[in-house]
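Presented below is the structure to which this report refers.
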Amino acid sequence: MKRALIIIDFINDIVDPNGKIPSCAQQVTANSTIKHANRAISWARENDIPCIFVKVGFQSNYFDLPRHSPIFGKADTIGALNLNGWGTQFHQDIAIEENDLVICKPRVNPFHNTQLASVLSANNITDIYLCGVSTTWAIQSAVRDAHDRDYQVHIISDACAAATEEEHQDSLTMLSRLATLHKSDELNL
């Protein structure tokens, strides 16, 4: 078994109350989600498990923006998810380090048109651990795709958040058929 931790979308536009689309900010704060994610990151580093940070974003001219998308289509009109702006910087409290791998994704799914699959394959990863936002969108998409690529998938449930606690819990219930759920303080496996 070779593991990797994938940390998804802890960026200012989504998790900071001052972000352009702070859909998860309230739940991230209320549930100390970043604290739990940092516990998972510490666990990974202590066990020589690579940390892969993923963020959604678009070029400053938004040429790569899927304008037909209900979730992304108006990002340019509000200046959201600009890869050259504050909004796509990782939140100041997330424990990212200078040498961590950062993958930019142009859609919800972190495998879609990114180098994620190649990086996992090159490192013979068999088990992936996921945390991030939102449980409803990016985590669900990542779990489903990773499952179908034959990875053993693990979700660090308290290191994920959605727009509401109900959405988060409903997502975890669905995903428990495809992944093993863990709390961040249970990662000494």
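Restricting Ser60, Ser42 to residues that are small (Gly, Ala, Ser), surrounded by fewer than 15 Cβ atoms within 10 Å (Cβ to Cβ) and in contact with a Gly (Cβ under 8 Å, 6 or more places away or on another chain) narrows the list to Ser60.
Could we say that Pro66 is surrounded by 13 or more Cβ atoms within 10 Å (Cβ to Cβ) and either of a type in the set (A, V, I, L, M) or closer than 28 Å to Ala4 by Cα (or both) here? Even if it seems obvious, please write down each step before you answer.
Details: surrounded by 13 or more Cβ atoms within 10 Å (Cβ to Cβ): yes; either of a type in the set (A, V, I, L, M) or closer than 28 Å to Ala4 by Cα (or both): no.
The answer is no for Pro66.
Do you know which of the residues in the stretch 55-90 that are hydrophobic (A, V, I, L, M, F, W, C) and in contact with a helix residue (DSSP H, G or I) (Cβ under 7 Å, 6 or more places away or on another chain) is nearest to Thr114 (Cα to Cα)?
Phe58
The criterion of at least 3 residues that are within 24 Å of Ile11 (Cα to Cα) and at pLDDT 95 or above is met by the following strands (runs of 3 or more DSSP E) wholly inside the stretch 95-189: 101-105, 127-133, 152-161.
Give the stretch 156-189 a look and list any residue that's in contact (Cβ under 8 Å) with a residue 40 or more places away in the chain, farther than 22 Å from Cys51 by Cα and of a type in the set (Gly, Ala, Ser), or say none. Selection gives Ala163 alone.
Contact map, the stretch 3-25: residues that are free of Cβ contacts under 8 Å to residues at least 12 places away in the same chain and over 30 Å from Ala122 (Cβ atoms) paired with residues that are of a type in the set (S, T, N, Q) and surrounded by fewer than 24 Cβ atoms within 10 Å (Cβ to Cβ), Cβ distance under 8 Å, separation 6+ or inter-chain. Pairs shown: Asn18/Asn12.
Per-residue answers, yes or no, for (1) outside any helix (DSSP H, G or I); (2) in contact (Cβ under 8 Å) with a residue 60 or more places away in the chain; (3) among the basic types (Lys, Arg); (4) touching a strand residue (DSSP E or B) at 6+ places or on another chain (Cβ under 7 Å):
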residue	(1), (2), (3), (4)
Val28	no, yes, no, yes
Lys55	yes, no, yes, yes
Arg67	yes, no, yes, no
Pro70	yes, no, no, no
Gly87	no, yes, no, yes
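Condition check for Ser134 on (1) without any contact (Cβ under 8 Å) to a residue 24 or more places away in the chain; (2) buried (at least 20 other Cβ atoms within 10 Å of the Cβ); (3) among the hydroxyl-bearing types (Ser, Thr, Tyr): one failure, at (1). Could you check, for the stretch 19-27, whether at least one of its residues is surrounded by fewer than 20 Cβ atoms within 10 Å (Cβ to Cβ) and out of contact with any helix residue (DSSP H, G or I) (no Cβ under 7 Å at 6 or more places or on another chain)? Yes, the stretch 19-27 has at least one match. Is it the case that Arg45 is of a type outside the set (S, T, N, Q) and either in a helix (DSSP H, G or I) or touching a residue at least 40 places away in the same chain (Cβ under 8 Å) (or both)? So Arg45 fits the description; yes.
The values are calculated or read from the model by the stated rules, or taken from the named source; none is laboratory data. Being a predicted model, the structure only gives us computed values, none of them experimental. FYI the Cβ positions are ideal-geometry reconstructions off the backbone, even for glycines, and counts take in every protein chain you see.
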